[in-house]
1. Measuring from centroid to centroid over Cα atoms, what is the spacing of the range 67-140 and the range 416-435 in Å?
2. How would LYS357, LYS173 line up from fewest to most surrounding beta-carbon atoms within 10 angstrom?
3. Around TYR277, what is the net charge, scoring Lys/Arg as +1 and Asp/Glu as -1 over all other residues with Cβ under 13 Å from its Cβ?
4. Share of antiparallel DSSP beta bridges in the chain, in percent to the nearest 5?
5. With a 10 Å Cβ neighbour count serving as the proxy for reagent exposure, in which order, fewest first, do ARG175, ARG368 appear?
6. Once you keep just the Cα pairs under 8 angstrom separated by 6 or more residues, what percentage relative contact order results for the range 331-488?
7. What shape does the chain have by the C-alpha gyration tensor, where a ≥ b ≥ c are the square roots of the eigenvalues, rounded means a/c under 1.5, and otherwise prolate means a/b greater than b/c and oblate the rest?
8. Helix-only mean residue ellipticity at 222 nm, the chain, DSSP H runs n ≥ 4 weighted -39,500 (n - 2.57), per residue, nearest 500. What is it?
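Since every read-out is calculated from the coordinates, none of them should be taken as a lab result. Because the structure is predicted, anything quoted here is derived from the model rather than measured. Glycine also receives a Cβ, built like all others from the backbone with ideal geometry; neighbour counts cover every protein chain displayed.
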Amino acid sequence: MSFRQMDANSSREKWRVWTPLFFSLVLIGGMILGFNLRDTLRNKRDIGTIVERNDRLEEIIDLVNEKYVDTVNSNHLYKDAVSGILKSLDPHTVYIPAEDLQSVNDDLDGGFSGIGVEFSILRDTIGITSVIENGPASHSGIHTGDQLIKVGDSIVAGNGINSERIIHLLKGKQRSKVLVTLRMPENNSFREVPIIRDIIPIYSVDASLMIDNATGYIKINRFSATTYKEFASALDDLKKKGAKQMVIDLRENPGGYLDAANSIAGDFLGDNKLVVYTKGTHTIKTEYRANEEGAFTAGKLIVLVDEGSASASEILAGSIQDWDRGVIMGRRTYGKGLVQEQYEMPDGAALRLTIAKYYTPSGRCIQRSFANGKAAYREDYEKRFETGELIGFDTTTNADTVKFYTSRNRVVYGGGGIKPDVYVPYDTSRISSVITEVLNSDELKIALWDYFIQNRNSFKFKDIKDFEENFDESDDVKDFFLSELKGDTRRLVVKALQKRTAFAYFNLHLKARLARYLFRDNGYYAITMKDDNMVKKALTLIHSNEYSKLIKRK
């Protein structure tokens with residue numbers, strides 16, 4: 001027998017000895033793995049349950065389609081089924097149908113591919129009300145006041161035209177070409193303009209300007225993917241212009257991306273300070289902190305809020321308040337302390353599901369109760385108005401009686417939003433219901449546009465300051481508008497404008513809207529803030545000793 005055969009026989013003998021032990025170990029390992037999987041999957045439905053429930057829903061919808069007395073739409077049935085599933089959850093868990101998802105995402109992503117114009121439909125005609133600076137339309141020589149007649153081969157003037165159709169036609173793949181036909185209203189001439197589509201930003205910073213020689217002002221309308229980049233650029237520009245103190249306007253800002261709010265808060269806080277943390281039943285605690293070095297950690301800061309400031313706006317305001325970094329001014333915020341995550345569906349729809357609550361640095365959650373149902377939750381604004389909270393009677397009670405403490409031991413409360421350090425009600429002294437209705441009317445919009453078009457060639461101002469100082473024809477605009485009104489409507493407006501404060505307010509807003517045609521939102525806010533009650537109070541406070549007393553700073 002060879003040495004090789006002896007080795008083989010010896011190996012077989014050893015295998016026979018170890019075989020029982022080997023299989024015992026495999027059996028034990030399998031049992032351990034099985035127990036672990038059982039614990040891991042204890043709370044998960046098996047695939048059979050999932051299939052059975054999906055089949056049940058499909059069967060019901062098929063039966064309705066086949067047997068119901070009237071014709072039904074299957075897609076509507078699916079939407080209703082989803083709505084029923086979500087009905088008992090919180091008000092911010094929502095289903096977004098496929099046809100709506102793109103526009104929702106565009107708003108938060110901060111851009112889309114198009115030609116770069118804003119428009120308004122007046123008398124069944126599309127008027128270009130603004131041209132994005134350095135955008136495709138601007139490079140192609142399109143100007144504010146031009147009228148859009150055709151997009152490609154599609155006529156877009158006449159009865160039945162709507163904004164959704166225009167937007168659909170103007171959007172397209174990046175670098176794709178579209179031919180538009182324009183009418184010049186001053187001489188009724190037409191011209192065809194080829195435009196190469198490109199990414200068009202949806203700006204979230206509405207305005208960035210100096211209120212006085214030392215105070216900068218930034219208005220943020222949402223927190224999108226591009227907000228922090230816009231904010232950082234605006235802040236840097238204002239600092240170069242001499243801003244030593246800042247007013248940040250978050251009024252009517254519904255929120256958006258948490259990361260954007262965290263980054264902006266970080267610029268004001270610095271030093272790795274906690275901005276916010278989130279946690280949920282199935283979501284681990286996650287902390288969001290400021291950078292070591294913030295871009296504006298020392299100068300005075302006032303944050304303006306109101307009942308429309310929600311979610312990410314409240315995160316920013318709450319962190320500033322909890323760290324006593326600045327003064328929160330305005331009215332109690334919306335009260336949304338829930339975090340959503342978006343899940344894409346196979347059919348192109350999406351589910352925006354609440355997965356956690358967020359907490360300010362002091363530990364408070366500012367989510368207001370929705371125990372009385374979603375309808376009552378949505379009607380909270382009307383309740384605040386009825387109780388007088390919004391118009392001068394700050395009678396709000398704290399929804400949460402648990403005390404929390406800021407970095408300098410000021411008492412703050414959770415539940416029901418962020419309560420400001422300085423309360424400022426609506427200024428209703430100058431605004432009658434007639435003036436409000438007129439300012440929001442189609443008649444005024446059309447009259448302003450007609451006035452602008454008729455005088456377009458004389459609107460030659462190099463910047464906002466030039467316009468503000470040298471355009472003083474508000475009376476002409478008012479008279480032009482009044483000449484368009486008829487009968488009782490005209491008499492009511494004339495009577496309302498006899499009140500001096502109402503007259504001044506009306507003229508100011510006419511001028512501001514014309515400024516928007518020339519300089520977009522920056523022009524509008526540059527004019528209106530001169531008569532903005534909350535901005536004026538912020539300026540008075542920021543230049544007084546009361547500012548430091550409010551946040552207990554020496």
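1. Measuring centre to centre over Cα atoms gives 31 Å.
2. Values: LYS357 18, LYS173 8.
Lowest count first: LYS173, LYS357.
3. Summing Lys and Arg as +1 and Asp and Glu as -1 gives +4.
4. 75 percent
5. By the 10 Å Cβ count, ascending: ARG175, ARG368.
6. 20 percent
7. Values: a/c = 2.02, a/b = 1.55, b/c = 1.31.
Because a/c hits 1.5 or more and a/b exceeds b/c, the chain counts as prolate.
8. Values: 19 runs with 239 residues, N = 554.
The per-residue figure over the chain is -13500 deg cm²/dmol.
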